[in-house]
1. Surrounded by 12 or more Cβ atoms within 10 Å (Cβ to Cβ) and either away from chain B (no Cβ under 14 Å) or modelled with pLDDT of 90 or more (or both): is that true of A:D147 in this structure?
2. Looking at (1) without any contact (Cβ under 8 Å) to a residue 60 or more places away in the chain; (2) under 22 Å from B:A108 (Cβ atoms); (3) within 16 Å of the ligand (Cβ to nearest atom); (4) away from chain A (no Cβ under 14 Å), can you tell me which one B:M222 breaks?
3. Would you mention how many residues in the stretch B:272-324 are under 20 Å from B:Y77 (Cβ atoms), out of contact with any Leu (no Cβ under 7 Å at 6 or more places or on another chain) and not aliphatic (A, V, I, L, M)?
4. Would you pick out the residues in the stretch A:1-50 that are assigned to a helix (DSSP H, G or I) and away from chain B (no Cβ under 14 Å)?
5. Being in contact with a helix residue (DSSP H, G or I) (Cβ under 9 Å, 6 or more places away or on another chain) and more than 14 Å from chain B (Cβ to nearest Cβ) narrows it down to one residue among A:I118, A:I132; which is it?
6. Working only within the stretch B:231-263, note down all residues that are crowded, with 24+ Cβ neighbours inside 10 Å, out of contact with any helix residue (DSSP H, G or I) (no Cβ under 6 Å at 6 or more places or on another chain) and not in a helix (DSSP H, G or I).
7. A:E43 versus (1) modelled with pLDDT under 95; (2) within 22 Å of the chain's Cα centre (by Cα): which is the lone unmet condition?
8. Within the stretch B:172-221, track down each residue that is loosely packed, with under 15 Cβ neighbours inside 10 Å and among the β-branched types (V, I, T).
Amino acid sequence: MLSQEDRRLLYILSQDCRLTPEELSIQTGLTPEYINKKIKQWEKDKVIVKYGLLINYEQLEEDRVTALIDVKVLSQRGQGYDKIAQRFQKFPEIKSVYLMSGDFDLCLVVEGKNMHEIAQFVSDKLSPLDLIATTSTRFILRRYKQDGIEFHGEEEGPKRLMITP
Amino acid sequence: MKHYLSPLATSLKPSGIRKFFDLASTMEDVISLGVGEPDFATPWVMRETAIFSLEQGQTMYTSNAGLIDLRRELSKYMAKSLGLNYSPENELLITVGASEAVDLAMRALIVPGDGVLIPDPSYVAYAGCALMAGADIHYVPLRAEHDFRLQVDDLQLAYTPNCKVLVLSYPNNPTGAIMTREELLPIARFASENDLIVVSDEIYSDLTYGGTHTPFATLPYMKNRTLHVSGFSKAYAMTGWRIGYVAGHPDFIQVMTRIHQYTIMCAPIMAQIAALEGLKAGDSAKKEMILEYDRRRRLLVNGFREMGLSCFEPLGAFYVFPDITATGLRSEEFAEQLIKEEKVAVVPGTAFGPAGEGHIRCSYAYSTQQLLEALERISRFVKKRLS
Ligand SMILES: Cc1ncc(COP(=O)(O)O)c(C=O)c1O
């Protein structure tokens, strides 16, 4: 179990991973040494897997689309979901693979330049796989919020008065 | 037309904050650390509940004392979180902010000429409300060398036999100070010995960092002597809703409710409904805000200390109160020059009373980015004056 301090540390780091141990120390009251040790340990244990960046590509007007592909698999003797998922995760086009509850079994998040490219990927690479029964592809049209960040929030929130008692 | 006005009303001085407000609002690009309210919006669960209640047409008056469900839930919360036991039936009154509660307390207790002991510096409304009730005000200085904790010696000096009420306010605005149980005990003894009623404004009670809050009414024999004033503005980020409450002896609450009945009728129903939801389901949102304040608090205290200013560690509310005497400036000069040169608005300590001289109040109800930018500007300003 994470202690409350550690949970807090991890949270602050997840909000801005550029903060140095010294800066984190100021904001949490933990010592830089402790923070350093903790971070090293989390990296080693694969708790911290990667230091990320959240990019709003819409802002760059780059061609880029994301599709959620729901997959129903044919269960085969000796092939559990874990095995099947491993086959999917090798494709570089597939960014995420989730085992899901509900009508489908797996959900794949696929990125490509445009719809055509993803359609091509589905028909050329995925459909021929003998472990797929059916797929259903949905494209993300617009990102309003991701990882807790609102992309199209109102420019300015309601104004507070400058000075209040 | 001035001669029509009541001399009592015209004796009210304009708030010391006004001047800086006027200055700041004419400028662009100002970063203000001058705000006494959260930067968060009210937690969504609470807003959503209020919106739904409006859709349902819940737009009527409530009972004068406030929705009984809210008083019940409040009573439970006070018992669980504060160790205070007040009956929802006759010991609790829902008000239009802690502000109204302070006003009612003064009106209910003060006979013109009665003395009211008010800490200096302190939140600006106490003296105003006491004055309007006809009180004779006795300021009790809070001292930096005691981290702005009220000392019995200072109380003793300010006390005269006509004193009836003592105003207490911890966690404190503007200093961020708190007082522990041990430190409050002598104050309680003093109140008993001198038969004082204590109006204890504990609106920041949920916003403490590191220490636990001691409600004054939990001290020995203090429950009957205390009017516990609080509200939802700070901990639930509800300043604009106007909702607070006061708890105390049924005799006091009855009379205060009567004044409230004639002047206010009841607190706004949508605010009451949102507050009720906050007590039921707002805990995690509240805790998150508290953690965030704590982080900013550390950032700001550290920032001022790195500039070479002494800054005692505030353990409550969302203010720091650094000592700026090392710059050779008085509080007002500091605040005025700072906003003109670096476009950072802070409130001079003297806006809260003469004993605030030598200090400025900075609020950390701002994002860490804004705080860092403000610190950089203040640091530049201070550096020029220290060398
Ligand atoms: C100490 C203190 N008491 C009371 C208030 C007013 O609270 P309310 O919004 O509940 O009227 C404030 C607001 O700044 C405050 O700082």
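The values are calculated or read from the model by the stated rules, or taken from the named source; none is laboratory data. Only a predicted model underlies this, so the values are computations on that prediction, with no experimental measurement involved. Please note: Cβ atoms are built from the backbone with ideal geometry, for glycine as well, and neighbour counts cover all protein chains shown.
1. no
2. (3)
3. Looking only at that region, the number is 9.
4. Here is the first cut: in the stretch A:1-50, the residues assigned to a helix (DSSP H, G or I) are A:4-15, A:21-28, A:32-44.
Hits for the stretch A:1-50 are A:P21, A:E33, A:Y34, A:N36, A:K37, A:K38, A:I39, A:K40, A:Q41, A:W42, A:E43, A:K44.
5. A:I132
6. B:K234, B:M238, B:Y245, B:A247, B:G248
7. Result: A:E43 passes all but (1).
8. Within the stretch B:172-221, B:T180, B:T212 qualify.
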